[in-house]
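The values are calculated or read from the model by the stated rules, or taken from the named source; none is laboratory data. Here the structure is a predicted model, which means the values were calculated and not measured. Virtual Cβ from ideal backbone geometry, glycine too; neighbours counted across all protein chains shown. For the accessible areas, the whole protein counts, side chains as well, though only heavy atoms, and no ligand, DNA or RNA atoms are used. Shrake-Rupley method; radii C 1.70, N 1.55, O 1.52, S 1.80 Å.
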Amino acid sequence: MSVEVKEVKQTRFQKLKKKVKISKITKSDSKKGQKDAEKINKHQLDHYAFEDALDGLHIDGLPSLDESIKEAKIALDLFLQNKFAASLDSLVPWSHVSTYHALGKGTMLFMQALLTMEAKEIEKAAEALRQAVDVCQRKRKKHTVSKMIRRPDYNLYTEEEVHAELCYAECLLLTAVLTFVEDQSLVNFVRGSLRIRTCYHSYKECMHILETRRWGNELRKKHFESGVRMGVGAFNLMISQLPTKVLKLLEFIGFSGNRQLGLKELDEGYAMKESLRSPLCALILVTFHTLVTYIFGCGDGDIDASEIIVNDMLVRYPEAALFIFLSGRIKQLRGQIDDAITTYQHSINVQQEWKQFHYLCYWELLWCNCFKCDWAEAAKCSDILRNECKWSPAIYTYVHASILYMMMEEGHPELRDTITELMAKVPSLKQRLAGKSIPLEKYVVRKSNKFAAQGGRLIVPALELLYIWNSFPMIAKSRELTENILCRVNNVFSHLEDAKDIENRPLDDYCLILLLRGVCYTSLNRHMQAEDCFREIISCEKRVKEDIYLIPFTMTELALIKMKTSDGAEAKELLEPARHNYRGYPLETILHFRVHSILRQLRAKGHVIPTPSPKLTPLHSPDPSPNRGGDIPEFPYLKESPTLPSKRLLHPPSDLGSCVSLP
C-alpha cells in the first residue's frame, strides 16, 4: 500500500473510531450500554460503519466522494504500474460503503477471474461485484411513483447519487459478463443478457444527467463525463461490430450501435487526461483497433491512432505490462515480427505478480513464431498455454498438436505418437457456453476427428490456423514472410495438383491449399493469380465434403479483391451467397463478422447496401430510462463539455451524419 493511501486511511480510522464511540455512548441510557460502547473493537467498528451507511447517516470518517475518486485513481495508477496486490489492498477497507472503492475492488477481481478462469476466483469476483451493486443501489436516488410518470429533475440529485448511477451501470456490465463465465447454462445466459439491458438503460440515465444537470464542481463533472463517454463509446463499438442479422434483432429490442460515434466518444473520454477513466478509454480504444477488428473483422482498425495512444500511456506508465503488450501487438500488425517478439518478452519480464498476463503474450508469441515458420519456438509457447492456461484447453491442445505436425513434416518423424495422443484428447476438452459449443472449439474437434479418420494425416494444419485467425493481413506487411509461407504451400500443392482429375474424389485438401495459395498471392498484390485460385475453388464446390467453410470464405476473399480494385457491385454479389447459402459449419460466426466488416467498408466507399437503419442517438431505446415510463424525447448527442479546451480528435466524426445534430 502506498504511503499516501496508508496515511489517509489511518487518519480517517481515528476520526471514525471517535465518532462511533461518542454516538454509541450518547445512545446508551444504561451503564451496561455505556460499558459495551467503550469496548468497541475494530471488527465492531466496521459493522457500525456499515449499519450507519445503510441508514444513510453521514460519518465524518468515511471517504467523501472526492476522496473516493482520488483513492480509486491512485489504485488505478498502482495497477498500471504492475503493483496489483497494493492496488487491491488500497480499495478493500471501504469497499462495503464507498461506490468507487467497491467498483474498483470488483473490477480488479473480475480481471483476475477472467485471466485465471479458476472457479474460486470467479466466485470471489462474483461476490465482490454483488457487493458493489448493493453499495451503488444504496447510494442511488430512490425512485418514487411520481418519478415513474414524469421526467425527474436531475438538479435535485446529489453528486454522490449521480456518480452512484454511473458506477451502478459499470458494475452491472461486469456482473453480466461474469455471469456468462460463472455458470455456462442457458438460464444464466438469459440472466446476463437482461443485466446488460439494465446496464444499457442506466447509461441512458447517465446521459440525461450529463446533458441536463447543473454542475457545481467541474472536476467531478469531468470524472462523471469520462465515465459516460466510456460506457456509451464501448456499447456503440460492441454493437456496431456485430453481424447484420444480430443487429436486426438488437435494434428490434431497443439497442443500436454506431462505430464512428463510439470512437468519438472514447476519444473524448481519453482526452480528459485528469479524469479517472481516461486510461480505461485508452485501453478500450487500442484493444478495439488492434485486436477486435482483426479477430471479429478484416483488420480495418486505426493502427496509427493506436500507436499515438500507446506511446502516450507508456510515457505516463513506462513499465505498464498491459500497454507494453499492446505496443508489441502494434509492431506485429506492422509486420515488424522480430521487434514484436522482443516487446512481448519485455512485457513478460516486467512483472511476475500476475503471471496470467503472460498468457496474452505467449499467445501472440506463438503466432509471431508461426509467421516465421519457427515451429520449435512456437511449440514452446503453445505447450505453456496447453499446460497452464484454462481459457480453452481444446484449442490450445489442437494448436500445439498442429505445430508439432508441421515439425514432423519437416524432419521430425519421432513426434507422430505425441501428435496422435494430443489429437485424441481434443474432443474430450471441449467446453460449452449457454448450452452451446464454442465455434472455434467445434472446428478443432472436427479437425482432430478428421486426423484420426485419415490415419493421422492433415494438410498444413498450422497454416490453416493462421488463416482462420486472420493473420495474413499482418504477414502481408513482410514480403519475406509471405514468400516463405507460399513456398511451403506450393510444395504441398504440387503433390495434390492431380487430385481434381480423379473422379468422385473429395477435394477438401486441394481446395484448402488453393485457398492458402490465393491468400498469399493477394498478400503479394498478385490479384489475377489469387482470383484464379479462388474461382477454381468455387467451381469445385460440389466435391468439398467436410470443410464446407472453404466455399463461403473463398467468396469473401474474392470479394475483398473486388473491393480493392473498386468493383463494389461484384463484391456485394459475392458476399450475399457467402452469408446466406451456407449453414451449420463451425466457422460460420467468424465468417459473418468478416462479411459485416467488408459491407461496412463498402458503404464507406459509397456503395449502397441495405442494412438495419441506424438510430439518431448513441443509445436509442423505446424505454427512455430505467424503471420509468412515459414519453421522453430522444437523447441529443452528447455535446463537448464547455469546460474542455478544443482538441484534435484521433477519430474525426466524418460519417456521423445526423447523429451530431443538436436541437
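Quick rundown of the values:
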| item | result |
| --- | --- |
| The stretch 395-536: relative contact order as a whole-number percent, Cα under 8 Å and 6+ apart | 19 |
| Relative compactness, the stretch 282-436, computed as alpha-carbon Rg over 2.2 N^0.38 Å | 1.13 |
| Restraint check, K105/K204; K141/K221; K105/K221; K73/K273, Cα-Cα greater than 20 Å | K105/K204; K105/K221 |
| The stretch 259-314, accessible surface, carbon-and-sulfur percent (1.4 angstrom probe) | 61 |
| Directionally averaged projected area (convex hull, Cα atoms, the stretch 441-596), nm² | 9.1 |
| Sites E388 and T589 - FRET efficiency at Förster radius 45 Å, r taken between beta-carbons, to 0.05 | 0.95 |
| The stretch 100-140 - percent relative contact order, Cα under 8 Å, separation 6 or more | 47 |
| Residue-span extension gain [H580 to K273] - 0.36 nm each, minus C-alpha spacing | 105.9 nm |
| Pair-distance profile P(r), taking every C-alpha pair of the stretch 510-590, with 5 angstrom steps and integer % | 3, 17, 27, 26, 19, 7, 1 |
| Separation of the N349 and E541 label points, Cα + 7 Å toward Cβ, nm | 5.3 |
| Pair N155, A376: separation of 7 Å Cα→Cβ label points (nm) | 7.5 |
| Förster radius 41 Å - calculated FRET efficiency between E503 and L314, Cβ distance, rounded to 0.05 | 0.10 |
| Packing-based order for 550-559, 422-431, 364-373, using average beta carbon neighbours within 10 Å, highest first | 550-559, 364-373, 422-431 |
| Theoretical gain in end-to-end length, Q131 to V190 [0.36 nm per residue, Cα-Cα removed] | 19.1 nm |
| Highest-first arrangement of 583-590, 474-481, 340-347, where packing means the average Cβ count within 10 Å | 340-347, 474-481, 583-590 |
| Förster radius 60 Å - calculated FRET efficiency between L219 and N484, Cβ distance, rounded to 0.05 | 0.65 |
| Segment R603-E414, extension gain: residue separation times 0.36 nm, minus the distance between their alpha carbons | 62.8 nm |
| Distance between the stretch 334-409 and the stretch 450-508 - C-alpha centres, whole angstrom | 21 |
| Projected area averaged over orientations for the stretch 428-474, convex hull of C-alpha atoms, nm² | 4.2 |
| Reduced Cα scattering model of the stretch 468-552, Debye log10 I(q)/I(0), q = 0.11, 0.16, 0.17 Å⁻¹ | -0.29, -0.61, -0.68 |
| Estimated inter-spin distance, E123 and L524, nm [label 7 Å along Cα→Cβ] | 5.7 |
| Relative contact order computed over the stretch 273-377 (Cα-Cα under 8 Å; 6+ residues apart), in percent | 18 |
| Principal axis box of the stretch 79-120, alpha-carbon based, largest edge first, Å | 28, 24, 12 |
